[in-house]
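Take a look at the structure set out below.
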Amino acid sequence: MNKFGGYDDPLFAELYDFTPPYNARPDIDFYLNLAGSIEGKILELGCGTGRILIPSAVAGCRIVGLDNSEFMVARCREKLQSQPKEVQGRVQLVNGSMTDFELGKMFALVTAPFRAFQHLISIEEQLSCLRCVNRHLRVGGRLVFDVFQVDPSRIDNPAYTKETEEFAEVILSDGRSFRRSHRTIAFHRAEQYNDIELIFYVTHPDGRTERLVQAFPFRYFFRYEVEHLLARAGFEVIQLFGNFDKSELTNDSNDMIFVAKKCESTL
């Protein structure tokens, strides 16, 4: 078994775009429509391989993508090469931390799609990120990000420590195939995070197989906790959705999508 941590691995960056829960995620139109309604530059935190960033640039947006994984950024840059020069010219990619960045630009919109904010475990990290965002947003600018809404039955449930397969085998163009399962390996209720493993089973054309484990901690949030964090960093929540169709948050919503406005500057 090979084990790699977080998102910083070339194979994970390679497989990311072919992973069904990612490429079938129904958030692209939401973020594209949002970007199209904004006049000014956009910053995307946790841009990854460009799943949302590249369609945004194709649609005419000027966008900066920041990601902590050099391999994800490299994959995004590689994908951009297939786009026309005018699309490439609208994009700047930065390898850096979402908790500590200085880009020398002001933005009209900052986004952190697909639960990127949940990789920030401590309050210090969360506030550091939000304050960096505040410094890069013009007054009245928007911060939009999504996190999952907590299912109480999953907070500390031993049933989720069992490995569960997520999707049928995916065949790649080079003859390899892979499938993936997941499990929770530890619960930390007092700190509001769980240790997660995503397990990739890769089969090569010669029959050789690999079991690759991506392990990382993942924070979970509650609605008013997020609202208080935003207020501490100079933001006001102006909209809250429970789905990417912009329906209201309910007990049954899987997601919490926050639209916040910068009200004041923070140091």
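The values are calculated or read from the model by the stated rules, or taken from the named source; none is laboratory data. These figures come from a predicted structure and were not determined experimentally. Cβ sites come from the backbone with ideal geometry, for glycine too, and all protein chains shown count toward neighbours. Areas reflect the complete protein model, heavy atoms only, side chains present, ligands, DNA and RNA absent. Shrake-Rupley method; radii C 1.70, N 1.55, O 1.52, S 1.80 Å.
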All strands (runs of 3 or more DSSP E) inside region 150-267 with 1 or more residues being modelled with pLDDT under 95:
209-219
Would you mention how many residues in region 240-267 are out of contact with any Lys or Arg (no Cβ under 8 Å at 6 or more places or on another chain) and open to solvent by 10 Å² or more (accessible area, probe 1.4 Å)?
15
Return the pair list, or none, for Cβ contacts closer than 7 Å from residues in region 74-93 that are open to solvent by 60 Å² or more (accessible area, probe 1.4 Å) to residues that are aliphatic (A, V, I, L, M), at least 6 apart or on different chains.
R77/L93; R90/A57; R90/I63; Q92/V64
Among the residues of region 117-168, what is the count of those that are among the polar types (S, T, N, Q), touching a Ser or Thr at 6+ places or on another chain (Cβ under 9 Å) and open to solvent by less than 10 Å² (accessible area, probe 1.4 Å)?
2
Condition set touching a residue at least 60 places away in the same chain (Cβ under 8 Å) and either touching an Asp or Glu at 6+ places or on another chain (Cβ under 6 Å) or of a type in the set (F, W, Y) (or both), scope region 49-73, selection surrounded by the fewest Cβ atoms within 10 Å (Cβ to Cβ): answer is F71
Any chance you could count how many residues in region 104-115 are open to solvent by 10 Å² or more (accessible area, probe 1.4 Å) and either small (G, A, S) or at pLDDT below 95 (or both)?
1
Looking only at residues in region 26-48 that are charged (D, E, K, R) and open to solvent by 30 Å² or more (accessible area, probe 1.4 Å), which one is farthest from F117 (Cα to Cα)?
E39
